[in-house]
Amino acid sequence: MNRLELLDKVYNEYHREEYIYPDPLSPVLSYKNADDREVAAVIASSLALGRVDLILKAVNSVLLPLGSHPASELDSLSVSDLREIYHDFVYRFFKTDEITGFLYAIKVIRGDRGSLQALFTSNYTQGKGITSGITALSNEIARISEGKSAMLLPSPEKGSACKRVNLFLRWMVRHDNIDPGGWSDINTCDLLVPVDTHMYDIAKRLRFTSRKTADFKTAVEI
């Protein structure tokens, strides 16, 4: 069995709804409106590091105060509102300043552009990769949050593999029995593998990369 046959076998066996939980995607699936799903997905993916039970706890602690329609609820909140709501938020490196800056940046981008997708696609050209779209989104969140939230959605310019934003893009661009979709005009062929330590190890074993570090160039090579 060659590498691609192996991947097809794994895909056919495990790319099923019953295997989703407890993936960080789980809480995102309850949002049927595309705007709500976009907001929920960028929150869930950006917190997707560490133990999965703690990830879900952190994601739910952010999403629950935003109710069943997080997009419109977030649009209505000020910075001071957000600071009050998330005054005791702590998850790994992220505390009140980081999550407040992040959510406020999402609100501002939505107010200016209408959606995160609009900002992304205005910096994306089909067939030329998604690097420029990721960079624009990451840099705008960092700018609006005055750098406080840069670690929640890292930029390729910093060398990060951007695992979490690539996870977010996978959820929003692909539409199948796992990934809920919601974004259009982005070619799934341009998506990058969300590379973390485990995916990097698998990719090396399957000889999809010979690079020595799990950085953005490695994600592109894979």
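The values are calculated or read from the model by the stated rules, or taken from the named source; none is laboratory data. Small disclaimer: the values here were computed from a predicted structure and weren't measured. Cβ sites come from the backbone with ideal geometry, for glycine too, and all protein chains shown count toward neighbours. Quick note on the areas: whole protein, heavy atoms, side chains included, nothing else; ligands and nucleic acids left out. Shrake-Rupley method; radii C 1.70, N 1.55, O 1.52, S 1.80 Å.
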For the range 69-92, check the following and say yes or no: at least one residue is closer than 20 Å to residue 22 by Cβ, surrounded by fewer than 22 Cβ atoms within 10 Å (Cβ to Cβ) and not hydroxyl-bearing (Ser, Thr, Tyr). yes
The lone condition residue 4 fails out of (1) on the phi > 0 side of the Ramachandran plot; (2) surrounded by fewer than 11 Cβ atoms within 10 Å (Cβ to Cβ) is (1)
Could we say that residue 82 is at negative phi and either part of a loop (DSSP other than H, G, I, E, B) or touching a strand residue (DSSP E or B) at 6+ places or on another chain (Cβ under 6 Å) (or both) here? no
Going by the conditions given, is residue 146 touching a residue at least 12 places away in the same chain (Cβ under 8 Å), acidic (Asp, Glu) and on the phi < 0 side of the Ramachandran plot? no
Any residue in the range 160-181 that is closer than 16 Å to residue 199 by Cβ and buried (at least 20 other Cβ atoms within 10 Å of the Cβ) sitting within a Cβ distance under 6 Å of a residue that is of a type in the set (Ser, Thr, Tyr) and modelled with pLDDT of 95 or more? List the pairs, counting only those 6 or more apart or interchain. 164/45; 164/46; 167/45; 168/45
Failed condition for residue 39, given (1) touching a helix residue (DSSP H, G or I) at 6+ places or on another chain (Cβ under 8 Å); (2) part of a helix (DSSP H, G or I); (3) farther than 21 Å from residue 115 by Cβ, with all others met? (3)
Does the range 97-144 hold any residues that are surrounded by 23 or more Cβ atoms within 10 Å (Cβ to Cβ) and either β-branched (Val, Ile, Thr) or not in a helix (DSSP H, G or I) (or both), and which are they? 99, 100, 106, 130, 134, 141
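Kindly provide the set of residues from the range 145-159 that are in a loop (DSSP other than H, G, I, E, B), of a type outside the set (Gly, Ala, Ser) and crowded, with 18+ Cβ neighbours inside 10 Å, ordered by number.
The initial filter retains those residues of the range 145-159 that are in a loop (DSSP other than H, G, I, E, B), namely 145-149, 153-155, 159.
Of the ones still in play, those that are also of a type outside the set (Gly, Ala, Ser) are 146, 148, 153-154.
148, 153, 154 - these are the residues of the range 145-159 that are in a loop (DSSP other than H, G, I, E, B), of a type outside the set (Gly, Ala, Ser) and crowded, with 18+ Cβ neighbours inside 10 Å.
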Restricting the first residue to the range 116-132 and requiring it to be under 18 Å from residue 75 (Cβ atoms), which pairs with a second residue that is open to solvent by 30 Å² or more (accessible area, probe 1.4 Å) meet a Cβ separation below 6 Å and a spacing of at least six or different chains? 119/113
Condition first: in a helix (DSSP H, G or I), among the hydrophobic types (A, V, I, L, M, F, W, C) and in contact (Cβ under 8 Å) with a residue 40 or more places away in the chain. Now tell me which residues in the range 8-36 satisfy that. 28, 29, 34
Quick check on the range 23-57: of everything there that is crowded, with 23+ Cβ neighbours inside 10 Å and of a type in the set (Gly, Ala, Ser), which residue is farthest from the chain's Cα centre (by Cα)? 40
Boolean, residue 67 is touching a residue at least 40 places away in the same chain (Cβ under 8 Å), farther than 21 Å from residue 183 by Cβ and of a type in the set (Gly, Ala, Ser): no
